[in-house]
Amino acid sequence: MKLKGSIIGVILVVLSLSILIGVGTSGYMIIEGYSAVDALFMTVITLSTVGFGTLRPLSDAGKLFTLLLIVVGVATFSLYITKLFGFIVERGFMEALERRRMTRKIKTLKGHYVVCGHGRIGSVVVEELSFDRRRLLIIDTRQETIQKLEAEGYAAIQGDAREESVLRLAGLNQAKGLITLLPNDADNLYVILAARDINPDLFILTRANEPSAEKRLLKAGASKVISPHREGGKRIARMMLNPNITDFIDMATEKENLHLQMADIEVKPEDSFVEKKLSDTNLLRKHRTLVIGIKRTDGSMTFNPSGDTMIHAGDSLIVLGPRLKDGLLAGK
C-alpha cells in the first residue's frame with residue numbers, strides 16, 4: 001500500500017512538472033514572442049537553474065515571469081527529485097525486506113511439497129493441495145507468476161528448477177514430495193535426477209508429455225509418472241461407460257464435497273490399531289470409516305480386506321468416510 005502511494009506521488013509530481021513546463025513555454029511565447037523551441041529551451045534552463053543566460057535581453061514582464069518561474073520551478077523540481085529517489089530507495093528496501101521474509105519462511109519449511117512449474121496443470125495442483133492444507137513451495141521462472149503467488153501467501157522461488165542450487169534453496173532435503181510439471185520431458189528428467197541426488201527417499205511425481213518418456217522418467221528416479229493426455233482419455237471413457245461410478249468417485253475426492261472423503265492414511269507405529277485385526281479397530285463403528293483397500297510396505301495391494309486382515313505399521317489404508325474437522329480418523 002505504501003509503495004502504491006509512492007507511485008501515485010511520483011506520477012502527480014511528473015504531471016505537475018509537465019504542466020509547469022507547458023505554462024513556461026506558453027508564457028515566453030506570449031510575453032517575449034519566442035518560437036516554440038526557444039520558449040521550451042528557455043523554460044527548461046530556467047527550471048533547472050543551469051545558468052546558460054537568456055537568448056536575448058528580457059522585458060520587465062519577461063523578467064518578472066522568469067523570477068516567478070524560478071521560484072515555483074525550483075520547488076517543484078526539488079520535490080520531483082526527492083520523490084523519485086525516495087521511490088527508488090523505498091522500492092528497493094521493500095523488495096529486500098520481502099525477499100528476506102520469504103527466505104525465512106522457506107527455511108522453516110519441513111515436510112512440504114515442492115511444485116516445479118505453475119502452468120495450467122501446476123496451478124490446479126497447487127489449488128488442490130492448498131485446500132487440503134498442505135505446505136507448499138512453488139518454483140517458476142516467471143517473475144509475474146512468483147509475485148502473484150507471494151501476494152496470495154504462498155512460498156515461491158523464481159528460478160530454474162533444473163538447477164541443483166534452486167532445489168536446495170527450496171529445502172528439498174526436508175521435503176515430503178516433489179511434483180515436477182515442466183512442459184518438456186527432458187527438463188522433468190533433469191529435475192528428477194538432481195532431486196534424487198539431493199534426497200534419495202523423496203517421493204517424486206512427474207508428468208510425461210510423450211508416452212515414450214514414461215520409462216525414462218521412471219528409470220531416472222520418478223516414483224510415479226502421469227500422462228495428462230492418457231489420464232484425460234481414460235476419464236472420458238469411464239464417464240461414458242460408468243457415469244454413476246464416476247460421479248461417486250468425484251463426490252468422494254472433489255474438494256467441494258464437505259461430507260464424504262476418500263483418503264490415503266499412513267499407519268504410524270504409535271497408532272492404537274497397529275498389529276490389530278481390521279475388525280478390532282472399530283473404524284467403521286467409531287468413525288463411520290470404511291477401509292476399502294490396504295497397501296503394504298512391499299507395494300502389494302489388498303482390495304476389500306476382510307475383518308481378519310492384520311494392520312501393520314507402515315501400511316497405507318485406503319479409506320472412505322466423513323470429512324472430520326481435522327481430517328479422517330481424527331484422534332486415531
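Within region 56-72, is there a residue that is part of a helix (DSSP H, G or I), charged (D, E, K, R) and at pLDDT 75 or above? Within region 56-72 (the criterion being part of a helix (DSSP H, G or I), charged (D, E, K, R) and at pLDDT 75 or above), the answer is yes, since at least one residue qualifies. Among the residues of region 204-251, those identified as within 24 Å of Leu320 (Cβ to Cβ), assigned to a strand (DSSP E or B) and not charged (D, E, K, R) are Leu205, Ile226. The residues of region 166-192 that are closer than 15 Å to Arg216 by Cα and either surrounded by 14 or more Cβ atoms within 10 Å (Cβ to Cβ) or among the aromatic types (Phe, Trp, Tyr) (or both), listed by number, are Thr180, Asp185, Asp187, Asn188, Leu189, Tyr190, Val191, Ile192. Just to be sure before I move on: is Glu152 of a type in the set (Asp, Glu), surrounded by fewer than 16 Cβ atoms within 10 Å (Cβ to Cβ) and within 22 Å of Glu128 (Cβ to Cβ) in the structure I sent? Taking the combined requirement at face value, the residue satisfies it. Look at region 218-233: where a residue is at positive phi and a partner is of a type in the set (Lys, Arg) and assigned to a helix (DSSP H, G or I), sitting 6+ places away or on another chain with Cβ atoms under 8 Å, you get Gly221/Arg196. Looking at this structure, is Asp271 part of a loop (DSSP other than H, G, I, E, B) and at pLDDT 75 or above? It is true that Asp271 is part of a loop (DSSP other than H, G, I, E, B) and at pLDDT 75 or above.
The values are calculated or read from the model by the stated rules, or taken from the named source; none is laboratory data. Only a predicted model underlies this, so the values are computations on that prediction, with no experimental measurement involved. A quick note on method: Cβ atoms are made from the backbone with ideal geometry, for glycine too, and the neighbour counts reach across all protein chains shown.
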